[in-house]
1. Using Cα atoms only, what is the angle between the long axis of helix 310-322 and the major principal axis of the chain, expressed in degrees (0 to 90) to the nearest 10?
2. What GluC sites (Glu not before Pro) in the range 1-49 are in a loop by DSSP, with at most 16 other Cβ atoms within 10 Å of the Cβ?
3. What distance in nm separates the simple spin-label points at TRP324 and ALA36, each placed 7 Å from Cα in the Cβ direction?
4. For the chain, give the magnitude of the charge dipole about the Cα centre (Cβ charges: +1 Lys/Arg, -1 Asp/Glu; no others), in debye to the nearest 20.
5. Considering only the chain, what is the antiparallel percent among its DSSP beta bridges, to the nearest 5?
6. Among the lysines in the chain, how many pairs, 8 or more places apart or on different chains, have alpha carbons under 29 Å apart?
7. Distance from the Cα centre of the range 68-105 to that of the range 203-239, in angstrom?
8. Among the DSSP beta bridges whose two residues both lie in the range 3-263, what percent are antiparallel, rounded to the nearest 5?
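Nothing in this text is a laboratory measurement; each read-out follows from the coordinates by a stated rule. The structure displayed is predicted, hence computed values, not measured ones. No Cβ is skipped: glycine too gets one built from the backbone with ideal geometry, and neighbour counts run over all protein chains shown.
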Amino acid sequence: MDKELEDYADRVWRGDEQLFAYFKGELRKDGLRRIADGVWMWPATGNVYVFETGDGLALFDTGDRNTAPGLHAAVRARTAAPVVAAVYSHGHIDHVLGLSPFDAEAAERADPAIVVVAHEAVCDRFARYRLTGGYNAVVNQRQFRAPGITWPTTYREPDRTYRDEMTLRVGELTMELRHGRGETDDATIGWIPQRRILCCGDFYAWNAPNAGNPQKVQRYVSDWATALRAMADLGAEVLLPGHGVPIVGADRIRETLLGSATVLTVLHDGVVARMNEGQSLDEILHAGLVTQEVAELLGRPWLRPSYDDPEFIIRNVWRRYGGWYDGDPSALKPAPRAALAIELAGLVGGARRLADRAVELAGAGDLALAGHLVEWAALSSPDDPDVQRMRAQVFGALEAAAPSLMARGIYGWAVAESQARADGSDPWSTMRGGRWAP
């Protein structure tokens, strides 16, 4: 492996360095990075792995639309061999939108068309993305605090799909494709037994599993744990993740995969046990399911909850088995939230009193309760600039305290909304300035 890349990955795994250089794109400034003989990495938002096969190139994932030109240039700086096959690890847009320059090149050079392989559910995902393009744009703008994000509705469909397993043979490359459910229902891992190389897609991405995202469709927590344990049993020597840098060494790979599986299993089984006892979602959320073992694992440099949040994973387990009713009968057919807020504000002496108390609670460190009160205050008096400023203050504190990107995105969006309402400005321009710039 590229010595610089291997040393960097080792420092990150041990906690001596973080992935800032990776996320800033510094690792791809020199083009493709060598993993092994005939195996290369394009370290982008969604990683791309390039395999020389003797009959052309095979890609595992294709990256996103923004880095597609860079990927093509990097590959062409290394070899003129045609791309003959590509595998989608799943249908997220940072993994499936980088092939267009290669497709255009193949047509121009009269090369055989590239064969794209994916799990059959990828096609259903693309259909859903076309149906809900506007919603996905809004969700991702809020999640990543980037109002400029648009959502694509045109996709490079797979040419070959499979259901459970498939062996892909391209020249000298034999890759065993296996389906699993985890972050998505359409996920594929690629296992190259002769090289002991495992392409795991987003089953592992250098943080706690993204199994609870509050703004996205169902995740599959128990299935994810099962897939991780199956991957751990393969005996891989090199793990190539969908995001982040490679992990080298069978012991580290096994520790990483089994640690991730343990976190998911403890949370999943804790939720299910309490559901079977008749507990409500609120009771389960506050039942202390993050055990000492889980907390210790989440403290490891390679498993920190920097993207998702264990509480969100708990909610997703509930959603899978329990539906949307959370055990609160008053929420079954609720009154409009604004009407309830006005009633509560009237009982306590007005929106300002609610907001003042929220600021007091936030100052004392009770951020969760402060968030509830300031939201009621803002709903009951949406045109009061002082209330909106207090809402921005409280949710700003929540944002600063949140370890996960998911939570920070939602809290930060609320801050920008209230700042704009207080100032009578366009919330989009507020979000584009300063820390809101994409």
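1. Between the helix axis and the principal axis of the chain, the angle is about 90 degrees.
2. Sites meeting the loop and neighbour criteria: GLU17.
3. Using points 7 Å along Cα→Cβ, the separation is 4.7 nm.
4. About 580 debye.
5. Looking only at bridges with both residues in the chain, the antiparallel portion is about 65 percent.
6. 4
7. Cα centroid to Cα centroid, the span is 25 Å.
8. Approximately 65 percent, going by the DSSP bridge assignments.
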